[in-house]
Structures are given as C-alpha cells and as structure tokens.
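Every read-out reported here was derived from the displayed coordinates using simple, explicitly stated rules and does not represent laboratory data. These numbers were taken from a predicted model, which means no experiment stands behind them. Note that we place each Cβ from the backbone using ideal geometry, even for glycine, and neighbour counts take in every protein chain shown.
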Amino acid sequence: MSFKRSTFLLLVFAAMLINKIALAQTKKYDIAAFLYPAYVNDDPRLRPFWPKGIGEWETVTNVQDRFPGFYWNRKPTWGTINEADPSIMAMEINEATKHGVNVFIFDWYWYDGRPFMETTLNNGFLKADNKDKMKFYLMWANHDVVNTWDTRINKFNENNVIWQGQVSRDEFEKIAKRTIEKYFKQPNYYKIDGKPVYMIYDIPQFITGLGGIEKAAAALKWFKEETKRAGFPGLELQLTMWGINLNYSGFDGSKTEKPQNAFVKQLGFTSSTHYQFAHFVNVNDDYVNILANVKKEWDHIDATFDMPYYPHISVGWDNSPRTGKSAVVRNNTPENFEKGLRMARAYVDAHPKQAPLITINSWNEWTETSYLQPDNVYGYGYLDAIKHVFVDNK
C-alpha cells in the first residue's frame, strides 16, 4: 500500500471517528423522573393523612420524633417546599432541565369519584411560567389507599382500605375524557410519534374494576379510539412492568410460549417501563449487585416481549421514614447511580428505533428514599450524575 493511500485511509478513519463522537455528543435523551405530588400546602384532601398541612413533608420532618436516634435523618436542601406553588415549580423545572431531566411523569390518582393529589400538577406545574421547558405525562396510580401514609396508625398494620383503586367502565370513561381534554391537549404533554403517553400502574385492579380481561381490553380500545377522535394519531399505552401486572387469569410464563406478551397485547399496551427497582429485584442489597440483576431483567424483557421497553433506573429504596423498618438499598451513592444511568444510556443506544426515553424513580419520593432533589447527605450528587451522563456526555 502506498504512503499516500495509507494516509488517505487514516484520514477517512479519523473523520469517521470524529463524526461518531460528535453524534454521541449531540444525541438527545428524554430523561423522565416520576413525581409524587404529596408535597403541597393547599390540598385539603391530604390533611386526614398529614394534619399539619404540609403534605408528606410531615413524615419526612418528624422521623426523629417518632423514632429517636433513628439512622434516617434526611433534610431537603430546598426546605419543605410547596410544589403546588407555580414559583416553586418554576425553580424545580429550571434545576431539573439544567441537569438533564426534561420530563416529569406525574403520579396521578382518582378516588371516591374525583381526582386526588392533583394540585401539584394543576396549580404548580401547569401554571409555572417556564412550563414549556419541561414535558410531562401521567401515570395513573390506581392502587388502593390503605393506612401506610398515616404514621399515627400505620404501626398497627391494619391495612384498612380507605379508597379502592378499582373503577367501573362509566368512571373510567370520565377519567379518560377528562385526561384527553385537560392534559393530552397541553402543548408540552409528552408524546411518542405524536401519540400521548399514558401509563397505568396496577393492571389487576383495572381488570377487576372493569369486570374481566375482555371488558378491560374493550375499555382500553375505546380509550385509544377516543384519543384519535380528539385529533391525535393514537395512544401510547404504557404498561408498568412488574410481576403483579403480568400473571393474571392463567397467563403463566411457565406454561405457554410468551403468554405475558399475548396478555399485554390483548389489553392493547404498546410500550412499557418500570416504576421502582423494588418491584422486580431484591433491593435489600448493594446497589452494584442490584444493577447486575436489573440488566438481567432487561435482557429477559427483550427476549419475552415484542413491544418497546424503556429502561428504568431507581435512585434507591428505604421506606422506613413511614414505618420504621424497610428493606434498604445499600451503597447507592451518586457514583453508583451514575453507573446505572450509563447502563440505561447504552440500552437506549442499542435500541435506536425506540424513543430515547429513560425513566427514573424519582424526583421527590423522600419517604421511599429514592429522590433526585438535593439533600444533606449527597447535595446535588444525583442530579449532577444525570448531568455528567446526558448533558456533559462524559
């Protein structure tokens, strides 16, 4: 090979490498953090659980009073903020987007015939003067409400059902129509291929309330058609991926080929993600070990389901602020969390036909010790980890 030809090939290779690096540095990712809307001052329906009127900040701030000398002693850097205040939410949007979080997934509730814990979204986020910087979508948290939130009585382990998560077809239609009009039509509602993304948390609850799997599937088909009638190309119906949602009415993965895949197809789900590591791996472990098991689960999902899976990373798990005892994720430092983020980015890069979506638990789940907001332990460490991986592209 001549000197000129070899030099030319080297230059071509160098140009290709530079181009590849440039593409990696400019690729955009949708980093979506779940947002738990219980940290508010102006929602009277929260007072039966937290009578001081500051929402679940009450649980965060009185841990040492309830359990003197307890190891959990977290303090929010921003204080006990009211997230239903649009000026507070504007600050949060700025901090989130600056660090690479560009989507909020609002936990959304409906109990006793009306919405619950909706003020953070309606009064805070949607009235923030910079709301257009941030996309959002809903996860319908349709689980029962028991005594867990009320720390005055949860020690009795009564598990009394205060509100049921199940709804009838008529009630579901009210929810769906309201969601389309009030939220899907917001210009910053998160969409994939123009389709609003809507996530459902508890599938057995949904199926039972609707009256069986066939009726549940029919209701979801109607929801998709109603979304199209509203002017959208369709509905991106997102499954919360965890065991309770995947083994229903004889759909057992050990008996037939890909029965879980058939199950979610029958219901009409078109994509999935997780909500929490605690739903699918042993979280009473070291964070690095947990990540290895998470990676195995992602591989299993790829082999089992035809629909897209969007990788999920949790900051941690420790529910003891509510109950005084819990499984506890260990060694979930910002540095190890960053390893999880890089793992999720690699998954997205290996699935280029999917939306570049990664979900994170969470923005503010303080009482489950899985939050990105700065505190007295790691400061802005978790947010900085996201920035390193997705903004700085290091």
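Label E181 and R114 with points 7 Å out from Cα along Cα→Cβ: what is the distance between them in nm? The answer from the label model is 1.7 nm. Dipole check for the chain: with +1 at the C-beta of Lys and Arg, -1 at the C-beta of Asp and Glu, and the Cα centre as origin, the magnitude is about 1140 Debye. Look at (i) 24.2; (ii) 22.3; (iii) 31.9: the one that is Kirkwood radius over Cα pairs in Å derived from this structure is (ii).
As a calculated quantity, the FRET efficiency between N393 and Q266 at R0 = 45 Å, using C-beta atoms, amounts to about 0.65. Each of V348, V288 was scored by other Cβ atoms within 10 Å of its Cβ. Arranged with the fewest first, they read V288, V348. Spin-label model, R45/N284: points 7 Å from Cα along the beta carbon direction are separated by 3.5 nm. Working note: 222 nm ellipticity from helices only, DSSP H runs with n ≥ 4, each -39,500 (n - 2.57), summed and divided by the residues of the chain, gives -10500 deg cm²/dmol to the nearest 500. Of the DSSP H helices in the chain, those with a Cα length along their own long axis of 27 Å or more and a mean Kyte-Doolittle hydropathy reaching 0.0 comprise 3-26.
Spacing of the modelled spin labels on A230 and K339, each 7 Å from Cα toward Cβ, amounts to 4.2 nm.
Taking amide hydrogens as placed 1.01 Å from N in the peptide plane, the amide H of M241 sits under 5 Å from those of T273, H274, Y275, each at least 5 positions away in sequence or on another chain. Extension gain, A218 to N94: 0.36 nm times the residue separation minus the Cα-Cα distance gives 40.5 nm. Amide H contacts under 5 Å for S370: E365, restricted to partners 5 or more places along the chain or on a different chain, H placed in the peptide plane at 1.01 Å from N.
The residue among N142, S320, N332 whose Cα reaches farthest toward the positive pole of the charge dipole of the range 3-391, with charges on the beta-carbon of Lys, Arg, Asp and Glu, is N332.
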